[in-house]
Structure formats: structure tokens, C-alpha cells
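The values are calculated or read from the model by the stated rules, or taken from the named source; none is laboratory data. Quantities reported herein were computed from a predicted structural model and do not represent experimental measurements. Every residue, glycine among them, receives a Cβ derived from its backbone with ideal geometry; neighbour counts consider all protein chains shown.
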Amino acid sequence: MHNRLTEALTHSRSTMPEADLVWSPTILDDPEGGRIILWPHLPCVRMSNELRTREHWDGVAFIASSDELEIWIEEEKQDLESPGVHVAAAMASGTTLGRLLDDLKTLDVDGPSIPEPEPLRLLHHAKNARGGLPIFALEPTTEDEMWMEWLTCAADAQVTLSSLIAGISVGRRWKKQRSAAIERVAQSRYVDVELGAAAASSAAWWMEECRGLDEALIAQRATRIVARMRGALAELREGRVDDSDSRGPSLLVPVHQPRLPALAAAFEGWPDVESIVAVTIKE
């Protein structure tokens with residue numbers, strides 16, 4: 001896989017159409033004030049300093065539930081005690097995440113790691129910087145009826161599809177998706193063919209994660225997440241003390257690279273603000 005994929009990625013650089021697997025943040029100015037910074041990173045990979053955003057931010061929001069954020073802290077402790085335990089378990093699971101980790105293992109990238117290194121790094125930074133910066137969880141809890149309804153509809157759609165494609169090899173489909181994603185990887189002087197190949201594998205992983213979901217379900221999820229981003233930004237505006245920056249506060253949102261296009265598209269029309277408050281993460 002490694003040689004064929006990296007060779008194909010090298011060849012595609014000269015014939016690449018518009019790429020949507022980008023490395024630079026997408027910055028959106030909220031009409032009510034402030035900015036939302038969508039920073040793309042690869043799942044389970046530690047990004048280089050050159051690819052980490054240098055934008056100033058006043059709070060961070062993760063596409064995860066508050067329970068998941070606390071699980072990251074616990075997984076970090078477990079990984080310190082037994083290095084690689086979570087990666088090994090995921091690789092043995094037979095899931096799409098396991099396939100992604102298999103790919104990443106063959107590439108010369110800084111990973112794979114579980115818990116995810118980049119969100120975890122930002123979580124620790126937020127807890128320790130400037131006396132503690134606000135942290136938000138963008139996925140609702142299981143107590144949220146609308147969210148549970150969406151999860152149920154998504155599960156039903158994926159189960160229905162799986163029965164229709166039972167005869168198709170997941171491995172074969174994965175390879176096709178990974179190869180197709182090569183042309184979507186944007187160029188950057190800080191991205192070599194190894195990291196570009198990891199981006200293609202990450203795109204294949206996300207396509208598998210979304211398999212069976214129609215455009216309406218995908219858009220519904222993205223719109224809800226964006227509404228909660230706006231809610232987090234509104235909370236930052238409300239608690240703002242330093243008004244020296246006329247642009248207002250900035251909210252950083254780390255996003256898996258292949259998820260970025262759908263989330264950026266959900267800002268069209270600016271969904272209504274959904275109020276959320278910062279969470280407290282226990283060590």
C-alpha cells in the first residue's frame with residue numbers, strides 16, 4: 001500500500017483538481033461578532049508545528065461530548081501506564097478506525113496515537129493558559145432528545161445500507177476510496193507524500209464512517225454542530241473582559257480534516273445560535 005499510494009500522490013500533484021482536504025484553518029467572522037477558527041488536523045496523528053494554527057484564540061470547542069473529553073484524560077493516563085494499549089485494541093477491533101490505524105502504521109508520520117494527540121494538546125493548553133480558557137463540548141449529551149433522535153436515524157440508515165452491500169468487500173471499497181481521495185489533498189510545503197497519504201487514508205475512514213447517511217442527515221448534524229459553535233462564541237462574547245480586539249473573541253475548533261468541507265458549508269445562512277456553556281474537565 002505504502003509505495004503505490006505515495007507514488008500516486010506524487011503523480012497527482014501536477015494534475016490535481018480543486019482540493020478540499022486542506023491544511024490551513026478556515027476562519028469565519030460571525031455576524032454578531034467574533035470569529036470561529038476551524039483548524040484541520042488528521043485523526044490520531046501529531047501535527048508538526050508548521051501545520052498548527054498560529055491564530056490567537058480565547059476558547060476552544062471540541063466536536064465531542066463532555067463525557068468524551070473526560071475519557072480522553074483517562075485514556076491518556078492509561079496510555080502512560082501501558083503505552084500503545086488503546087492503539088492495539090483499536091487495530092484489533094475490525095472497525096474503520098482500526099483500518100485507519102493500520103494505514104498510519106505503514107507511513108512515516110508521527111502516529112498513530114490514542115487518545116488523539118492534537119485535541120488533547122489543545123485541551124491541556126486551554127486548562128493551563130491564562131488561568132484557564134473556556135472549553136466547550138459541541139456534541140450534546142445523551143439526555144438531549146433531538147440528538148438521540150438523530151443518532152437513531154443515523155444508525156437505522158447505516159444498518160439498512162449494510163444489508164444491501166453485504167456482498168461488497170470493505171477492504172476493496174476502502175482502497176478505492178483512499179485512491180480517489182488522493183486528488184483531494186491540498187499541497188503545502190510542510191506536507192510530504194507520507195502525510196499526504198495519511199490524509200487520503202483519513203478521508204477513506206471518514207467516508208466509511210458516513211456510509212449510509214444521506215445528505216439530509218449529514219447536513220442536519222453539521223448544522224447542529226455549527227449552531228453550538230455559535231453558542232460557544234456567544235458565551236465568549238458575554239464573558240469578554242478585554243475589548244481591545246475590535247474583531248471580538250475567537251473560538252478555536254479542531255476538526256478532522258475530511259469533516260471540514262461539510263462543516264464549513266453548514267455556515268451558509270448562519271444557523272441560529274444554540275446556547276451552550278463551558279464545561280469543567282476533571283483530571
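Annotations for the structure displayed:
- Scope region 121-148; condition part of a helix (DSSP H, G or I) and surrounded by 20 or more Cβ atoms within 10 Å (Cβ to Cβ); matching residues: L122, L123, A126
- Pair list, Cβ < 6 Å and 6+ apart or interchain, from region 96-116 residues that are touching a residue at least 12 places away in the same chain (Cβ under 8 Å) and more than 20 Å from R173 (Cβ to Cβ) to residues that are in a helix (DSSP H, G or I) and of a type in the set (F, W, Y): P115/W72
- Whichever residue in region 107-120 is crowded, with 16+ Cβ neighbours inside 10 Å and more than 20 Å from E75 (Cα to Cα) and, among such residues, is nearest to the chain's Cα centre (by Cα): V109
- Which numbered condition K77 fails, given (1) assigned to a helix (DSSP H, G or I); (2) more than 22 Å from I135 (Cα to Cα); (3) free of Cβ contacts under 8 Å to residues at least 24 places away in the same chain: (2)
- The residue list E143, E70, E139 contains one member that is among the charged types (D, E, K, R), under 30 Å from P249 (Cβ atoms) and in contact with a Ser or Thr (Cβ under 6 Å, 6 or more places away or on another chain), which is E139.
- A Cβ distance below 7 Å, combined with a sequence gap of six or more or placement on separate chains, defines the contacts here; from region 35-62, residues that are touching a residue at least 24 places away in the same chain (Cβ under 8 Å) and in a loop (DSSP other than H, G, I, E, B) reach residues that are of a type in the set (D, E) and surrounded by 18 or more Cβ atoms within 10 Å (Cβ to Cβ) in the pairs P43/E116; C44/E116; R46/E118; M47/E118.
- Exclusive hit being in contact with a strand residue (DSSP E or B) (Cβ under 9 Å, 6 or more places away or on another chain), within 25 Å of P261 (Cβ to Cβ), modelled with pLDDT of 95 or more and among the charged types (D, E, K, R), set D29, D58: D29
- Restricted to helices (runs of 4 or more DSSP H) entirely inside region 167-276, those with at least 2 residues that are more than 19 Å from F62 (Cα to Cα) and either out of contact with any strand residue (DSSP E or B) (no Cβ under 6 Å at 6 or more places or on another chain) or free of Cβ contacts under 8 Å to residues at least 60 places away in the same chain (or both) are 170-181, 193-209, 215-238.
- Region 121-134, subset among the aliphatic types (A, V, I, L, M) and under 16 Å from the mean Cα position of the chain (by Cα), residue farthest from A64 (Cα to Cα): L122
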